[in-house]
1. What does the charge count near residue 35 come to, summing +1 for each Lys or Arg and -1 for each Asp or Glu among other residues with Cβ under 14 Å from its Cβ?
2. Only Cα pairs under 8 Å and at least 6 apart count here; give the relative contact order of region 10-79 as a rounded whole percent.
3. Between the DSSP loop rule and a limit of at most 16 other Cβ atoms within 10 Å, which chymotrypsin sites (Phe, Trp or Tyr not before Pro) in region 1-30 are left?
4. Per residue, how big is the convex hull around the C-alpha atoms of region 14-53? Give it to me in cubic angstrom, could you?
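A short reminder: the numbers here are calculations on the coordinates, not readings from a lab. On a predicted model such as this, the values are computed, not experimentally measured, just so you know. We place every Cβ from the backbone using ideal geometry, glycine too, and count neighbours over all the protein chains shown.
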Amino acid sequence: MIFYKEENHIELVFGLMEWRSGSNPFLEIPSFSTGCWVDEKTFVIQTTMFKLTQEFTLTCGWEQGLLSIQVAPAGFYFKDQVEYINEVMSR
């Protein structure tokens, strides 16, 4: 999954029902991420940091041709999801 804003982009690498290593787009540190379909319109991605007690759950939903993404942080650096999205998009 790639987050875009103007000329900037940050990639979140994840495996389909298996953990893959990459960089977390919110904190830009090493992480493991995985994703799976929970129903025909909902895909959930979980990303966990290697060295921090921090994780994010991204719930992606498709409805009427539109994609919505809910970001739920949990852990040591817990913040509001809008604050994380703004930080990612401002880089």
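1. Neighbour charge sum, excluding residue 35 itself: -3.
2. 20 percent
3. 19
4. Residue-normalised Cα hull volume stands at 66 Å³.
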